[in-house]
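The next block holds one structure in the form of structure tokens; read it before the comments.
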Amino acid sequence: MIFQALLLIVLVLLFGYLLRSRGSSKVRAYKKLFLVIVMVGAVVAVLYPGVTSNIAKIVGVGRGADLVFYVTTVVVLFTLLNDYVKDKEEDRRTVKLARKVALLEKQLKNSK
Amino acid sequence: MHDIIIVMKQNVLIAIPAYNEGEQIVSTIESITKRYPNIIVIDDGSVDNTVDMVEGMGVECVSHPINLGQGAAIQTGIEYGLSRPDIEYFVTFDADGQHRIEDVEKMLDHLKKNKLDIVLGSRFLGRAENISWQKKSLLKLAVKFSNLTSGVKLTDTHNGLRVFNRRAAEQMNLQMSDFSHASEIINRIREENLKYDEYPVTIVYTEYSRSKGQSMINAINVGFDAIFHKVVGK
């Protein structure tokens with residue numbers, strides 16, 4: 001139970017940190033690392049199904065399937081949030097660009 | 001006498017965001033030009049004849065190459081005004097004819113007299129004609145939500161009629177492109193310690209403004225953005 005609480009806190013902090021400091025190369029590196037770990041974990045879980053059960057027992061989340069489910073949920077949630085923030089940022093850039101075009105066009109018209 | 005009044009208003013810019021408002025824009029502008037010489041219409045990528053109508057009246061117009069949203073249009077209007085050193089006061093005014101120019105006059109006076117940075121129109125201090133009960137309850141709910149989350153107490157949080165000075169315009173820097181800009185402006189008031197007040201205005205809902213208004217379901221987007229902004233800080 002204590003471990004689960006800790007896990008939740010760490011996850012929330014991690015989410016917050018990664019979402020807030022998007023864009024810096026350090027964060028991008030962490031994200032890749034995170035992805036690689038998940039991928040490796042997935043391969044291991046496929047090759048040795050018993051491993052997930054053992055890890056699940058150690059960290060105290062019940063069955064191996066539960067652990068896989070938790071991890072999947074976290075990854076999906078993170079991806080969703082990350083994409084949402086990215087989308088907003090992309091939007092912001094487009095708006096800036098379009099505004100610049102509009103104002104420049106206006107200047108051009110006026111100077112004619 | 002008429003000329004003197006116009007001269008005094010030389011430093012006021014009326015910014016009108018417009019998206020496919022060809023039907024209404026002419027009569028909205030006509031109500032303004034008699035009193036204020038500086039108008040900028042921000043065409044937000046309209047696909048109808050909005051731009052032709054505006055330019056046909058000899059009124060200044062900036063055109064977004066693509067549709068960006070009302071918040072983005074307001075920010076474009078602000079940046080246009082900031083690029084002109086003669087502009088000291090900014091007014092945001094809806095294109096659909098729901099605002100009255102008489103209110104702008106009073107709001108400007110109120111701003112100058114009390115040395116405020118921004119004055120927000122309030123239909124709930126003033127009057128909202130022909131408002132549907134659904135719209136009214138939604139707006140009231142939005143006010144409650146905003147007062148709870150923003151720390152700036154207001155009676156009407158989504159009123160398009162605003163008057164502000166150059167200092168407020170410089171701080172505005174609106175990032176939310178869609179209708180969330182209303183909450184963003186309120187956030188700026190708090191963040192930048194802008195001196196603000198509300199002023200009673202009359203909003204007249206017509207068949208046209210009702211058909212043009214944002215759909216009620218969009219409130220969910222606005223609410224979500226506000227909460228998300230609080231949590232993630234973006």
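Here are some notes:
- Total residues in segment A:55-76, condition among the polar types (S, T, N, Q) and loosely packed, with under 12 Cβ neighbours inside 10 Å: 1
- Options A:Thr79, A:Thr52: the member that is more than 30 Å from B:Arg84 (Cα to Cα), more than 14 Å from chain B (Cβ to nearest Cβ), under 17 Å from the mean Cα position of the chain (by Cα) and not aliphatic (A, V, I, L, M): A:Thr79
- Every test in (1) touching a residue at least 24 places away in the same chain (Cβ under 8 Å); (2) over 22 Å from A:Ile9 (Cα atoms) is passed by A:Asn54 save one, and that test is (1).
- Scanning segment B:127-165 for residues that are of a type in the set (A, V, I, L, M, F, W, C) and closer than 20 Å to B:Asp197 by Cβ returns B:Ala128, B:Leu139, B:Ala142, B:Val143, B:Val152, B:Leu154, B:Leu161, B:Val163, B:Phe164.
- Those helices (runs of 4 or more DSSP H) of segment B:118-234 in which at least 3 residues are over 24 Å from B:Gln98 (Cα atoms), considering only elements entirely within it, cover B:133-150, B:166-172, B:181-191, B:218-232.
- Restricting attention to segment B:41-86 and to residues that are in contact (Cβ under 8 Å) with a residue 40 or more places away in the chain, in a loop (DSSP other than H, G, I, E, B) and closer than 30 Å to A:Lys88 by Cβ, the residue that is nearest to the other protein chains (Cβ to nearest Cβ) turns out to be B:Leu68.
- Each residue in segment A:62-112 was checked for being at pLDDT 90 or above and either among the polar types (S, T, N, Q) or more than 30 Å from A:Gly16 (Cα to Cα) (or both), and 12 of them qualify.
The values are calculated or read from the model by the stated rules, or taken from the named source; none is laboratory data. On a predicted model such as this, the values are computed, not experimentally measured, just so you know. Quick reminder, even Gly has a Cβ in these numbers, built from the backbone with ideal geometry, and neighbours come from all protein chains shown.
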